[in-house]
Amino acid sequence: MVTYVLDSSAILRFTDNEAGADRVQRILDKYLDGTALVAASALHWGEAANRLYKLRGRDVMSRILQRLAAMGIQIVPVTAQQAVEAALIRADYKIPYVDAFGAVIGSAPNHVFVTADFDLKPATQFAKIEFLPAK
């Protein structure tokens, strides 16, 4: 079974109904159908929370995150090993650190990392990455 791992840009595209929101909805529908799993790293979840808080305030942020969690998005904690792997990817490929962490998750078997961040293009050689459309 495929696990789709959403980064903060994918989450925000969905919550803001921007380019790629329909794809994220189809991914969530696959989860509801029992044909896929959906996750987000704790780092990306925090990034999305920060952006929602800045744009919409604490109450709206909390409601949106609760709804997403209720839809089945699992929050994946950061391990020490993953943190080091992300640091190495960041250093070797000049990818922002949190994005590099997404590449680490996307390199796991049967995982697809879903993002709208095209800084991750260099990581496609070792991770399964699905890019949402540009705005």
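The values are calculated or read from the model by the stated rules, or taken from the named source; none is laboratory data. Computed from a prediction, not measured in an experiment: that's the story for all the values here. Cβ coordinates were reconstructed from backbone atoms using ideal geometry, including for glycine residues, and neighbour counts include every protein chain displayed.
Table for the structure above
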quantity: Test: residue in segment 1-16 that is aromatic (Phe, Trp, Tyr), touching a strand residue (DSSP E or B) at 6+ places or on another chain (Cβ under 9 Å), modelled with pLDDT of 95 or more and over 20 Å from Ser107 (Cα atoms); calculated: yes
quantity: Whichever residue in segment 9-27 is assigned to a loop (DSSP other than H, G, I, E, B) and touching a residue at least 60 places away in the same chain (Cβ under 8 Å) and, among such residues, is surrounded by the fewest Cβ atoms within 10 Å (Cβ to Cβ); calculated: Ala19
quantity: Which listed residue, of Arg51, Arg58, is over 23 Å from Ala103 (Cβ atoms) and either buried (at least 21 other Cβ atoms within 10 Å of the Cβ) or of a type outside the set (Phe, Trp, Tyr) (or both); calculated: Arg58
quantity: Residue in segment 84-92 that is more than 19 Å from Tyr4 (Cα to Cα), touching a helix residue (DSSP H, G or I) at 6+ places or on another chain (Cβ under 8 Å) and among the charged types (D, E, K, R) present; calculated: yes
quantity: Scope segment 104-129; condition under 14 Å from the mean Cα position of the chain (by Cα), modelled with pLDDT of 90 or more and part of a helix (DSSP H, G or I); matching residues; calculated: Val104, Phe118
quantity: Residue check for Glu47: assigned to a helix (DSSP H, G or I), among the acidic types (Asp, Glu) and in contact with a helix residue (DSSP H, G or I) (Cβ under 9 Å, 6 or more places away or on another chain); calculated: yes
quantity: Residue tally, condition under 14 Å from Leu43 (Cα atoms) and without any contact (Cβ under 8 Å) to a residue 60 or more places away in the chain, over segment 88-111; calculated: 5
quantity: Among (1) in a helix (DSSP H, G or I); (2) small (Gly, Ala, Ser); (3) within 17 Å of Ile129 (Cα to Cα), the one test that Ala39 misses; calculated: (1)
